[in-house]
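Scroll down for the structure; my scribbles are underneath it.
None of the figures in this text is laboratory data; all of them are computed from the coordinates on show. Predicted model, so just to flag it, every value in this text is computed and none were measured. Heads up, the Cβs are rebuilt from the backbone with ideal geometry, glycines too, and the neighbour counts pull from every protein chain shown.
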């Protein structure tokens with residue numbers, strides 16, 4: 001078997017595996033979607049459960065079509081000669097390394113964004129609207145798209161031109177300097193995002209619920225955490241989905257609550273949700289995840305640096321020659337195939353952190369049923385899948401299935417001690 005066929009069938013194997021896992025998950029939902037889990041009895045009725053199943057099936061079908069289109073485009077681009085043609089065309093536009101690189105990578109970024117536009121429209125204005133989630137107007141959607149485009153161009157351009165500058169400045173050690181540059185920009189964005197980026201999409205204002213901010217500060221104070229501000233945002237202008245999150249780092253760390261969440265939950269439940277998030281901070285999950293990501297990024301950059309020097313690299317897709325930029329794309333593609341089997345490792349570690357944060361919230365508040373109640377409301381209001389296939393959840397889920405989380409919280413210490421780390 002030729003090298004090209006081997007790489008092609010390797011990619012096809014990854015696509016088939018993804019499709020089989022999704023089909024297994026959806027078939028499991030069709031078989032069990034009408035069953036109300038004991039932990040959800042009294043919180044969800046048969047008609048709402050049926051609606052949940054329809055929503056999950058529709059969104060999954062749309063994601064499947066989007067994945068198929070992306071896969072077909074990638075096959076034609078890499079194996080159909082489009083990469084070579086694009087590479088030759090970009091190289092003919094300029095003799096300057098940085099200019100050619102900027103056009104090459106920004107062009108791919110824009111093409112990928114353009115492919116996603118029809119699916120975004122269908123997702124928001126057909127599926128999300130049909131199930132009562134979408135509250136965006138076409139004008140808001142278009143404005144968000146423009147803002148995202150400008151931000152992607154600005155940040156992407158900064159990263160691309162900065163990295164290419166380091167490649168020319170230090171041909172033998174650029175992999176180390178590029179890693180440090182990306183890390184620096186990532187940390188910088190964590191600091192400025194709450195003040196510069198997030199306000200472009202949401203309007204931030206102090207909590208309106210009287211006494212809630214004091215309760216939040218008190219429970220976080222018990223964990224030894226301080227936040228600069230607690231805000232609510234007008235998420236309901238775009239969607240009825242609900243959420244809450246910590247943003248920023250260091251002294252700019254703040255809590256953000258969706259106004260939809262404030263409408264759906266009482267004070268005890270909101271405090272319990274934030275106690276869970278506090279568990280991630282207290283146990284340094286974010287720092288550990290960042291450290292692990294950076295170690296892997298450094299290793300990948302070094303391996304990529306070595307692979308880019310291999311003369312046989314273009315032959316993997318049947319080409320004789322590729323520019324540095326085309327080789328980078330090819331290294332990224334092959335790397336994604338080789339790391340795909342490692343997906344369950346990443347999701348396992350994430351699920352483990354989520355269980356630890358759930359337990360922390362229970363121990364901090366002394367009210368595990370409040371967090372359980374909050375999780376039930378989040379799942380019901382967001383039409384979350386209550387019946388994922390265990391294998392699909394093991395492979396892809398970054399959080400334990402919500403039914404498992406609620407069950408563990410109801411059982412208290414015994415539930416967490418006996419929980420299987422899946």
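What is the helix-to-structure angle for 324-339, meaning the angle in degrees between its Cα long axis and the longest Cα principal axis of the chain, kept from 0 to 90 and rounded to the nearest 10? Helix 324-339 and the main axis of the chain meet at about 40 degrees.
For region 262-386, what is the Kirkwood estimate of the hydrodynamic radius, computed as the reciprocal of the mean inverse distance between distinct Cα atoms, to one decimal in Å? Please report the intermediate quantities before stating the final value.
On the way: mean 1/r = 0.0555 Å⁻¹.
Kirkwood radius, region 262-386: 18.0 Å.
Listed from fewest to most Cβ neighbours within 10 Å, the set 28, 276, 43 follows the order 43, 28, 276. Sorted largest first, the principal axis extents computed over the alpha-carbon atoms of the chain equal 64, 49, 46 Å. Over every Cα atom in region 164-228, the radius of gyration and the widest Cα-Cα span, Dmax, amount to 19.8, 59 Å.
Quick one, what does Rg over Rh come out to for region 20-90 if you take C-alpha atoms and the Kirkwood Rh?
Taking Rg over the Kirkwood Rh, I get 1.31.
Taking the C-alpha atoms only, the angle from helix 285-308 to the longest principal axis of the chain is near 10 degrees. Beyond 20 Å, what share of the Cα-Cα pairs of region 181-337 remains, rounded to the nearest whole percent? Percent of Cα pairs beyond 20 Å in region 181-337: 62. At the listed q of 0.21, 0.25 Å⁻¹, the Debye profile of region 311-359, built from one uniform point per Cα, gives log10 I(q)/I(0) equal to -0.73, -0.87.
Translational diffusion coefficient of region 1-119 (Stokes-Einstein, Kirkwood radius from Cα pairs, 37 °C, 0.692 mPa s): 182 µm²/s.
Starting from the coordinates of the alpha-carbon atoms of region 245-331, obtain the Kirkwood hydrodynamic radius over all distinct pairs and give the value in Å to one decimal. Can you show the working numbers first?
Working: mean 1/r = 0.0585 Å⁻¹.
Evaluated over region 245-331, this radius sits at 17.1 Å.
Radius of gyration over Kirkwood radius for region 258-299, both on Cα atoms: the Rg/Rh ratio is 1.25. Our analysis of region 59-196 gives Rg over Rh at 1.04, with the two radii drawn from alpha carbon positions and Rh computed by the Kirkwood formula. With the chain treated as a Gaussian network of Cα nodes joined by springs under 10 Å, which of 64, 339, 88 yields the largest mean-square fluctuation? Checking each option, the largest mean-square fluctuation is seen for 339. For the pair region 144-211 and region 4-22, the centres of their Cα atoms are 33 angstrom apart. Connecting C-alpha atoms closer than 10 Å in a GNM of the chain, tell me which of 404, 70, 311 has the biggest fluctuation. Answer for the Gaussian network model of the chain: 311.
Taking the C-alpha atoms only, the angle from helix 343-365 to the longest principal axis of the chain is near 30 degrees. In vacuum, with every alpha carbon of region 102-182 counted as one equal point scatterer, what does the Debye formula give for log10 I(q)/I(0) at q = 0.12, 0.13, 0.19 Å⁻¹? Two decimals, please. The computed values of log10 I(q)/I(0) come out as -0.52, -0.57, -0.85.
Dividing the mean sequence gap of close Cα pairs (under 8 Å, 6+ apart) by how many residues the chain holds gives a relative contact order of 21 percent.
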